[in-house]
Amino acid sequence: MFEISEKAVSKAKEILSAEGKSDWGLRIYKAGGSCCGPSYGLDIEEKSSSSDDVLERDGLKVFIDKDVTPGLDSMILDYYEDEEREGFIMTGRMPSCGSGTPSCNPGACGSSC
């Protein structure tokens, strides 16, 4: 089951509000793949389409194409921030890289794949 952390919900609602799009939602889409597995993108969108699964948590709508939904099983959309960087990340069950790195996030494997 796909989940969204409280921190991700809060940050997404903050961003949508700042954009004047509080009634919009997040779109999660497959953005490609590599040896580390599929890569997912995140965008904002006004409405869902007929081919979407629509999730809602604490008033935040998330639109996911039904073809992408199975790949998100056991994944969590979270928001990460430290002194150097911040952003939305997917965590959870991901295939390991060639180097054996578990829970490889798309793009995190770099040259180790």
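Being among the charged types (D, E, K, R) and within 13 Å of the chain's Cα centre (by Cα) is the filter; apply it to the stretch 12-41 and report the residue that is nearest to Val68 (Cα to Cα). Let's see the steps before the verdict.
In the first step, residues of the stretch 12-41 are kept if they are among the charged types (D, E, K, R); the result is 13-14, 19, 21, 23, 27, 30.
Remaining after also requiring within 13 Å of the chain's Cα centre (by Cα): 27, 30.
Details: Arg27: 11, Lys30: 6 Å.
Applying the filter and picking the extreme gives Lys30.
One residue is enough: does the stretch 15-35 have a residue meeting the conditions touching a Ser or Thr at 6+ places or on another chain (Cβ under 6 Å) and at pLDDT 90 or above?
Yes, some residue in the stretch 15-35 is touching a Ser or Thr at 6+ places or on another chain (Cβ under 6 Å) and at pLDDT 90 or above.
From the list Gly32, Gly20, exactly one residue is among the small types (Gly, Ala, Ser) and either buried (at least 17 other Cβ atoms within 10 Å of the Cβ) or assigned to a loop (DSSP other than H, G, I, E, B) (or both). Which is it?
On the way: Gly32 fails: either buried (at least 17 other Cβ atoms within 10 Å of the Cβ) or assigned to a loop (DSSP other than H, G, I, E, B) (or both).
Residue meeting the stated conditions: Gly20.
Does the stretch 69-87 contain at least one residue that is surrounded by 14 or more Cβ atoms within 10 Å (Cβ to Cβ), charged (D, E, K, R) and without any contact (Cβ under 8 Å) to a residue 60 or more places away in the chain?
No.
Quick one: Ala8 ticks every box in (1) aliphatic (A, V, I, L, M); (2) outside any helix (DSSP H, G or I); (3) in contact with a strand residue (DSSP E or B) (Cβ under 6 Å, 6 or more places away or on another chain) bar one, so which box is it?
Going through (1) aliphatic (A, V, I, L, M); (2) outside any helix (DSSP H, G or I); (3) in contact with a strand residue (DSSP E or B) (Cβ under 6 Å, 6 or more places away or on another chain) one by one, Ala8 breaks only (2).
The values are calculated or read from the model by the stated rules, or taken from the named source; none is laboratory data. Here the structure is a predicted model, which means the values were calculated and not measured. Counting neighbours? That spans all protein chains shown, and the Cβs are built from the backbone with ideal geometry, glycine included.
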